[in-house]
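Step one of this worksheet: look at the structure below.
The values are calculated or read from the model by the stated rules, or taken from the named source; none is laboratory data. What you are looking at is a predicted structure, and each value in this text was computed from that prediction instead of being measured. Every residue, glycine as well, gets a Cβ built from its backbone with ideal geometry; the counts of neighbours run over all protein chains shown. Just the protein is used for accessible areas: all its heavy atoms, side chains included, with ligands, DNA and RNA removed. Shrake-Rupley method; radii C 1.70, N 1.55, O 1.52, S 1.80 Å.
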Amino acid sequence: MSFPWAKEYTPQNGVMKFFDEKLPLPRFIYNAVGAGYPVPRNLSYFWNFGVLAGFFLVLQIVTGVVLAMHYAANTQVAFATVEHIARDVNWGWLMRYTHANGASFFFVVIYIHIFRGLFYASYKPPREMIWLIGVVIFLLMMATAFMGYVLPWGQMSFWGAQVITGLFEAIPLVGPPLKTWLLGGFAPDNAALNRFFSLHFLLPFVIAGAVILHIWALHIPGSSNPTGVEVKTESDTVPFHPYYTAKDGFGLGVALIVFMTFVFFLPNTLGHPDNYIEANPLSTPAHIVPEWYFYPFYAILRAFTFDFILPAKLWGVLAMFSAILVWFFLPWLDKGPVRSGHYRPLFRKFFWFGLIPVMAVLFYCGGAPAEEPYVMISQIATAYYFLHFLVILPIISSIERPDPLPFSITEAVLGSDKKAVLGENAEPVAT
Amino acid sequence: MASTTGIADTTPDVTEGVEGEDGVRRRDFINIAAVSAAGVGGLAVLLPLVSQMAPSKDVLAESTTELDISSLDVGQSIKAVFRKQPIFVRRLTPAEIEAANAVNTSSLRDPQTLEERTKPGHESVLVVMGVCTHLGCVPLGAQEGENKGEFGGYFCPCHGSHYDTAARIRKGPAPSNLVVPDYEFTSDTTLVIG
């Protein structure tokens, strides 16, 4: 589906005409990211991050396939093959650091993408399905990133695998045998390393499939926009190409400058030095932490230190998973009719002065040692995190009185939209 | 985004497809420059992606092999490994040398004399890669009791190439003689290959 004024694809020559009749792939691309996709004219740079996430997915797949040509998933040699990649393979250092930092940047852009969605309430009808698929993609990314981090078989790899599979042990009754089954042994070893490698290779392609569904679902209602007002007339939109290909291209250039600065000059800054020590099943590093992008969820995991009906360990695991699963219910927890945070004074306050600081605190505590005062701070922040989504958001969205919305996107941009107001514009959209 | 169509001062109206008076609009220039820069960048990215599949430094480091041939008697051969491929070293008998020199080189598929295929002063030591030039099988004949083919040199069982005592192709599908690698004698009995 698209807006009635979307440009129709017309093949320019015989070859393209042949293609269009037999396999309309160019038409598909044209309607997806070409001139055939009308997009709100007022998108800010926050709308750049979906494209950036897509770029980093492709980058991770390309560099990952290259690394897999030189890596060996065997505990005897895995650590050495990573050094071999960095030292012997032509341009291997570039491939390795691009892949390692690419994972970090993938999460940077995905977090901005998610919090864009939270602030502008992009999850609201009619875009619930886009949001739900997005949360699935995020979960797949977490699994993929975790298993990828195990592959270099350093100390952090090994103990990360031990700890994360240990989460499953908390499940009543089936927990311990489940962990043994996941690892193919009693501790991370060759069997675990091999299956993690296999799945780490597979999951990005599953993510790519989910991304296609995500974009498909997006193209049914069309993109949201910073006002949250739906597209009404043709003057509210511009074709994706060339307007947003150019804008996203510029954003991509800026992102690449920042990214390559890390790859070239700070390649290990986002990693952990202990992962340059080969895995040793007999000695845990004094301070083990996950990769930085898991810090907030790791803080929630560690916030539960007391048994209450259920054991503390199970509470921690449940809370950590719930912290993401709660996002699945957002379209129904947020009851307000207005989407954009710009027109929701109360919602906006709780977003900037509630949720964002709490995420920052959780982020900090997740990287801090498991001792006071960080444990108590994590507990308070965790409580607020769930309070925000389960109590504050439903209440404020029910009681708040939103600011007046612009009549249309065009009015928000130009100050007036006479054509649409006076009914002189093209056919209105059926919503 | 308010005025997506307003640009260069020289062009009064710049709706799509309308050209300025000089034929090139500022927007065209920016467009061409940006796409060219991205194109050059994209091509530069291909270099590491292609190059990473070439032999890595540790593989290249294996590219010389030292060989002691002091125990190699006349008429004997040894097999060694050079770049993960077999190499044959044979100390030819006077009869074999004579047989090799008796051939009219112009009648050969890959004309070469025995002299050209050995080092001066060591004409009896023939060093060749044990890799058939047809499709890469290891020819027989380096070990005692193996089939040496119709010309007393090497015989490739895969597709039936016969090499003579100077390891020159004489019969069968192989296009050229067994390759003589780069090597030198560092002493009378020591070879450095590669």
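Annotations
- Test result for B:Ser77, more than 14 Å from chain A (Cβ to nearest Cβ) and touching a strand residue (DSSP E or B) at 6+ places or on another chain (Cβ under 7 Å): yes
- Residues in the stretch B:116-131 that are open to solvent by 30 Å² or more (accessible area, probe 1.4 Å) and out of contact with any helix residue (DSSP H, G or I) (no Cβ under 8 Å at 6 or more places or on another chain): B:Glu116, B:Lys119, B:Pro120, B:Gly121, B:His122, B:Val131.
- Residue in the stretch B:101-115 that is within 24 Å of B:Asp164 (Cα to Cα), in contact with a Pro (Cβ under 6 Å, 6 or more places away or on another chain) and open to solvent by 30 Å² or more (accessible area, probe 1.4 Å) present: yes
- Flag if A:Ala381 is open to solvent by 30 Å² or more (accessible area, probe 1.4 Å), hydrophobic (A, V, I, L, M, F, W, C) and not in a loop (DSSP other than H, G, I, E, B): no
- For first residues located in the stretch A:226-253 and at positive phi, partners that are in a loop (DSSP other than H, G, I, E, B) and of a type in the set (Val, Ile, Thr) and lie 6+ apart or on another chain with Cβ distances below 9 Å form the pairs A:Gly228/A:Val338.
- The requirement of being within 23 Å of A:Pro188 (Cα to Cα) and either open to solvent by less than 20 Å² (accessible area, probe 1.4 Å) or in contact with a helix residue (DSSP H, G or I) (Cβ under 8 Å, 6 or more places away or on another chain) (or both) is fulfilled nowhere in the stretch A:109-126; no residue meets it.
- Taken over the stretch A:42-69, the criterion of being open to solvent by less than 30 Å² (accessible area, probe 1.4 Å), within 11 Å of chain B (Cβ to nearest Cβ) and touching a residue at least 40 places away in the same chain (Cβ under 8 Å) is satisfied by A:Asn42, A:Leu43.
- Per the listing B:Lys148, B:Lys171, the residue uniquely more than 16 Å from B:Gln85 (Cβ to Cβ), free of Cβ contacts under 8 Å to residues at least 12 places away in the same chain and either surrounded by 14 or more Cβ atoms within 10 Å (Cβ to Cβ) or in contact with a Gly (Cβ under 6 Å, 6 or more places away or on another chain) (or both) is B:Lys148.
- Selection of the stretch B:24-61 for residues being over 23 Å from A:Ala246 (Cα atoms), in a helix (DSSP H, G or I) and hydroxyl-bearing (Ser, Thr, Tyr) yields only B:Ser51.
- Qualifying residues in the stretch A:79-103 (those that are away from chain B (no Cβ under 11 Å) and touching an Asp or Glu at 6+ places or on another chain (Cβ under 9 Å)) - the one nearest to A:Tyr244 (Cα to Cα): A:Ala103
- Residue within the stretch A:20-36 that is touching a strand residue (DSSP E or B) at 6+ places or on another chain (Cβ under 6 Å), buried (at least 20 other Cβ atoms within 10 Å of the Cβ) and within 14 Å of chain B (Cβ to nearest Cβ) present: no
- So A:Trp216, is it open to solvent by 50 Å² or more (accessible area, probe 1.4 Å), out of contact with any Ser or Thr (no Cβ under 8 Å at 6 or more places or on another chain), more than 14 Å from chain B (Cβ to nearest Cβ) and closer than 30 Å to A:Arg127 by Cα: yes
- With respect to (1) part of a helix (DSSP H, G or I); (2) surrounded by fewer than 20 Cβ atoms within 10 Å (Cβ to Cβ), the lone exception for A:Glu230 is condition (1).
- Residue selected from the stretch A:408-419 under the condition within 32 Å of the chain's Cα centre (by Cα) and hydrophobic (A, V, I, L, M, F, W, C), by the criterion surrounded by the most Cβ atoms within 10 Å (Cβ to Cβ): A:Ile409
- Hits in the stretch A:238-260 - residues which are more than 9 Å from chain B (Cβ to nearest Cβ), under 20 Å from A:Phe28 (Cα atoms) and open to solvent by 60 Å² or more (accessible area, probe 1.4 Å): A:His241
- Taken as a whole, the structure leaves B:Leu72 outside the set of residues that are assigned to a strand (DSSP E or B), away from chain A (no Cβ under 14 Å), modelled with pLDDT under 90 and open to solvent by less than 50 Å² (accessible area, probe 1.4 Å).
- Counting the residues of the stretch A:261-290 that are assigned to a helix (DSSP H, G or I), touching a residue at least 12 places away in the same chain (Cβ under 8 Å) and more than 14 Å from chain B (Cβ to nearest Cβ) gives 4.
- Qualifying residues in the stretch B:48-58 (those that are of a type in the set (A, V, I, L, M, F, W, C) and facing another protein chain (nearest Cβ under 8 Å)) - the one most open to solvent (accessible area, probe 1.4 Å): B:Met53
- Candidates B:His159, B:His134 - the one that is farther than 25 Å from B:Asp68 by Cα, within 22 Å of the chain's Cα centre (by Cα) and surrounded by 15 or more Cβ atoms within 10 Å (Cβ to Cβ): B:His134
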